[in-house]
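Reading through the C-alpha cells given below for one structure.
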Amino acid sequence: MVWERSRNIAGTAINGCGNDVLECYWLMSPIGRSSPERSPDIMRRSSVIGVLAAAGAVLATGVLFSATADAATTLGASAAQTGRYFGAAIAAGKLGDGAYTGILNREFNSVTPENEMKWDATEPSRGSFNYTNGDRILNQGVSMGAKVRGHALLWHAQQPSWAQSLSGSTLRSAAINHVTQVATHYQGKIYAWDVVNEAFADGSGGGRRDSNLQRTGNDWIEAAFRAARAADPNAKLCYNDYNTDGVNAKSTGVLTMVKDFKARGVPIDCVGFQSHLGTTVPGDYQANLQRFADAGVDVQITELDVAQGGNQANIYATVTKACLAVSRCTGITVWGIRDSDSWRTGENPLLFDSAGNKKAAYTSVLNALNAGGPTNPTSSPTSGPTSGPTSGPTSGPTSPSTGGGCTASTSLNSWNGGFVATVRVAAGATAVNGWTVSLALPTGSAVTSAWSATNSGTTGTVSFRNVSYNGSIAAGGYTEFGFQGTGTGPTATPTCAAG
C-alpha cells in the first residue's frame, strides 16, 4: 500500500469550526475533507491526545501527519494495525482494468492468484512449465508491497489432461515433481502456499475424498508438504478446504490430520478456511478457528464471499471479528474484488458492487477491523498436541464392539481396488488411558498406510495402537484414526482393548 504520510495545508483558513476543536481538525485533514462521513465517531478512533497533538502541529507548522487517519480508511491498512493482512484473489487477465487495479492497490495488502498458479496453468504438459501469468500476479503483489499467497500446488480438480490420465506411482512421482518445481520457482517470494486443496470428502464421515491423488496412497498429502518444505523452507505451508467453517465431521477430519502431522513432524504451518457462505454463518465459527490454533497451526480465511441479502454485512463482520479474536488468525482473503468479478454469478457476494462502489458489507468489515483485536504474533508453529480431538463427526459409524472399557466402530470410503477406513475409538463410563483396536481384513486386502495410530501387521487380523496424543480418552469421549488399504474394505466388527 502507498500511504500518504503528510500533506502541507499551511495557510488553510479555519472557518466554521465553532468550539469543536477535534471536529475542526478532522475536517481540515486530507481524509476529512474528502470523506463522505465527517462523523466525530471517526475522530474517536485516534486518541484525544493524538488529535490535539496533530492540531498543534498544524498551527505551528501547517503540516498534518495523517498516517493514523489513512490506516483507518482501507481494509489492508486497518488489518495491518493488528499484524494481519486483508487480501483479494485476483485474475491476471483483469490487471489491465483501471477500476479493478485501482481498488486492488488502494484497499488490499495481500493477493492470491485465482487460477494462475494451479497445476493446469503452470505445467500444461508434463515437465514443461509456464509461469507467465503466475509471475504477473507475483509482480502485482510486489509492486503493492503486499503478501502473496500461492494457490494451489495440488488439487484433484484443474489438473492438466496429462496428469488426469496417470495413476499410482507414476502420478505420485509427477505430483511431487510438480510441487518441487513450482515451489522452487517461487522460493522466497511466496508468503504462504495452499499446498493441498480440498482433499477431504463432504458428508458425515470426515474421511478423505476419493481422487486419483488419494489412490496413490494415503500419505500423498504428507509427501506434498514435505516436498514443499524442501523446495521453499521459509514459506508457510497450508492445507485449504471448504465446508469446514464450523465444528463438523469434515473439519474434525482435517483437524485429526493436522494433529497427526504435528505429532510426527510433518511440516504444516497453517489451515485455510474458504468460507464461501450463504445467508448464515456457523455459530461455532470462532470456536472452530480456535481449536485449530490450539493444535499449533495458524488459521487463515482464504476465499471469503457471502451471498447478498439482508444479513450479508453482519456475516462479513462476524467472520472478521472471529479472525481478530483468534490470535493465530493471520489474515482474510476475499475471493474477488467487485461483484462482477465473482464466480458466484447473481449472488453479488463481495465488498464492492459491479461499479466498484463500497457496499454496506465493506463498511461492516472496515469498522470491525478498526475496532481491533489481539495482535497476531509472528512466531513459528508450536509443537504437536498432547491430546486428541475433543469432538468429532455429528453422525458416527455403526457396529461398535465393546472390549476392555472401550468400543470401536468403522466407516468406509471404498472404490474399485482400494479403500480408506475411519475408526472411532470411544470410552465408556470410565476414562481410557491407552487403547488397541484389532480388525480382521478380508482375504486379499492389505493395509498400505495408517494415521493417528501405529499398526502391527498389514494383512489378516491387524492391530492398531494409539499414538502419543490420542491415547487418553475422557469418560464418554472418543478419538479417531484411519488407514488406507488395497482390496476390499473390512466388514468385520473391530474389537477394542483399553490399557
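Nothing in this text is a laboratory measurement; each read-out follows from the coordinates by a stated rule. Nothing here was measured: the structure is a model prediction, and the numbers come from that model. Cβ sites come from the backbone with ideal geometry, for glycine too, and all protein chains shown count toward neighbours.
Before moving on, here are some points about what is shown:
- ARG465-ASN139 FRET efficiency (beta carbon distance; Förster radius 45 Å; 0.05 resolution): 0.30
- For the listed peptides 282-291, 322-331, 304-313, 118-127, a ranking on the average number of other beta carbons within 10 Å per residue, highest first, reads 322-331, 304-313, 282-291, 118-127.
- Residues of the stretch 272-302 with amide N under 12 Å of a point placed 7 Å along Cα→Cβ from PHE129: none
- Simple label model, 7 Å out from Cα along Cβ direction - ASN177 to SER161, nm: 2.0
- For THR279 and ASN370, the difference between the fully extended length at 0.36 nm per residue and the C-alpha to C-alpha distance is 30.3 nm.
- Taking 13 Å as the straight-line reach from the Cα of LYS250, the aspartates and glutamates in range (excluding those fewer than 8 positions away in the same chain) are GLU198, ASP202, ASP241, GLU480.
- On the beta carbon distance between THR458 and THR184, with R0 = 51 Å, the FRET formula returns roughly 0.90.
- Aspartates and glutamates whose Cα lies under 20 Å from that of LYS189, excluding same-chain neighbours fewer than 8 positions away: GLU114, GLU116, GLU123, ASP135, ASP232, ASP269, ASP298
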